[in-house]
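Q: I'd like to ask some things about the structure below.
The values are calculated or read from the model by the stated rules, or taken from the named source; none is laboratory data. If you're wondering where the values come from, they're calculated on a predicted model, not measured in any experiment. Note that each Cβ is placed from the backbone with ideal geometry, even for glycine, and that neighbours are counted across all protein chains shown. Quick note on the areas: whole protein, heavy atoms, side chains included, nothing else; ligands and nucleic acids left out. Shrake-Rupley method; radii C 1.70, N 1.55, O 1.52, S 1.80 Å.
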Amino acid sequence: MLKVENVRCGYNESEVLKDVSFHVKKGEKVCIIGPNGCGKTTLLKAIAGLLKSEGDINLDGIPIKRMKRTEIASKVAILMQNETVYFSYTVYETVLLGRYLHIKGGILGGPTKHDKDFVMDCLDKVGLTDVKDRQIKTLSGGQLQRVFLAKALAQEPRLILLDEPTNHLDLKFQLELIEYLKQWANTDGNTVIGVLHDINLVMYFADKIMLLSDGQIVKYGEKSDFVDGKLLEKVYHMDIKGYMQNSLKMWNNVF
Ligand code: ADP
């Protein structure tokens, strides 16, 4: 579904991603991990076509360089840490914005009953039906995060890119979000690529893990490649084993 070949990109003169190549199959859940500043967000932006890059990024066999923004958005939704907040909008209106690609004539064409039902369904899935008419400026960080997930779902993408989606969420909603995305990926072969920091969530959620360091892939592989903690120690320069002793031991028994 996604092929990334020899991708290099960055900001102005400074190169962040240095020759990154990997493939993601339809239906896979991939977690990207690595220290702050190693290029995780940059990689997600490049995949979503938000940053110009050298090399090739193909979505379902089509180079994103040849796709229009709307074409990319019909396949890929990106959920960033710092989403733009449209302060005068309600929850419902914000989620409806995710639907504009599917609305004939764009947002000015007016949503059909199907579009409205679809938005309500997305709100229901993230548990926000009760607050659908609230102004989003009155919501908590966790509720806002869920609004943006619902907006991404309303886009009906085949690939969701997540940038630390659990940041503002309490434990209950972290697990619910991860569980929901797991199901979303497992049905209909949808794909999720997410940046998560909590190694426990990564181990629970991911099929495959990509460890990035200084703009390069140190390892892209199965979860079992990571459970001894050695790769993580090398990249994070700390005693991960000591810190994660119990959880890595637990996962070690699982794989
Ligand atoms: P990560 O997500 O792994 O923390 P990022 O991809 O956000 O890392 O950033 C990688 C590098 O690119 C960092 O050195 C960061 O300072 C730099 N960077 C990120 N965004 C910008 C930007 N908009 N302009 C210039 N440099 C940036």
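Q: When the accessible area of the stretch 84-156 is computed with all protein chains present and a 1.4 Å probe, what percentage of it is carbon and sulfur? Before the final figure, lay out the partial values.
A: Working: 2010 of 3710 Å².
Of the solvent-accessible surface of the stretch 84-156, carbon and sulfur hold 54 percent.
Q: Considering the chain as a Gaussian network with a 10 Å cut-off on Cα pairs, which listed residue, Glu176, Glu13, Glu222, attains the greatest mean-square fluctuation?
A: Looking only at Glu176, Glu13, Glu222, the largest GNM fluctuation is found for Glu13.
Q: To continue, here is another question. Ignoring ligands, DNA and RNA, what accessible area per residue does the chain give at 1.4 Å, in Å²?
A: Working: 12680 Å² over 255 residues.
Heavy-atom accessible area per residue stands at 50 Å².
Q: Please report the net charge: other residues with Cβ closer than 12 Å to the Cβ of Gly189, K and R +1, D and E -1. Each step should come with its number before you reach the end.
A: Details: positive: Lys25, Lys26, Lys29, Arg158; negative: Glu28, Asp60, Asp188.
Summing Lys and Arg as +1 and Asp and Glu as -1 gives +1.
Q: How big is Rg to Rh over the stretch 84-156, alpha-carbon atoms, Rh as the Kirkwood inverse-mean-distance radius? Spell out each step's value before the answer.
A: Details: Rg = 11.2 Å, Rh = 11.9 Å.
That ratio equals 0.94.
Q: In a GNM of the chain with a 10 Å cut-off on Cα contacts, which of Ile47, Ile64, Ile32 has the highest mean-square fluctuation?
A: Ile64
Q: Using alpha carbons only, what's the Rg to Rh ratio of the stretch 1-62 with Rh from Kirkwood? Display every interim value, and only then the final one.
A: Details: Rg = 11.5 Å, Rh = 12.0 Å.
With Rg and the Kirkwood Rh in hand, the quotient comes to 0.95.
Q: Using a Gaussian network model of the chain whose springs link C-alpha atoms within less than 10 Å, name the residue from Asn12, Asn36, Asn190 with the highest mean-square fluctuation.
A: Looking only at Asn12, Asn36, Asn190, the biggest GNM fluctuation is shown by Asn12.
Q: Expressed in nm to one decimal, what extension gain is obtained for the pair Lys52 and Glu93 from 0.36 nm per residue of sequence separation less their Cα-Cα distance? Walk me through the numbers before you get to the answer.
A: Working: separation 41, 0.36 × 41 = 14.76 nm, distance 3.06 nm.
Working it through step by step, the gained length comes to 11.7 nm.
Q: Continuing with this model, one more query. Within the stretch 1-63, list the trypsin sites (Lys or Arg not before Pro) lying in a DSSP loop whose Cβ has at most 11 other Cβ atoms in a 10 Å radius. Walk me through the numbers on the way to the answer.
A: Values: sites: Lys3, Arg8, Lys18, Lys25, Lys26, Lys29, Lys40, Lys45, Lys52; in loops: Lys25, Lys26, Lys52.
The qualifying sites are Lys52.
Q: Further question: Going through the cross-link list Lys113/Lys137; Lys151/Lys182; Lys68/Lys208, which pairs have a Cα-Cα distance over 22 Å in this structure?
A: Values: Lys113/Lys137 27 Å; Lys151/Lys182 18 Å; Lys68/Lys208 29 Å.
Pairs exceeding 22 Å: Lys113/Lys137; Lys68/Lys208.
Q: If you wrap a convex hull around the Cα atoms of the chain, how much volume per residue is inside, in Å³?
A: Working: hull volume 34.3 nm³, N = 255.
With only Cα atoms used, the chain gives 134 Å³ per residue.
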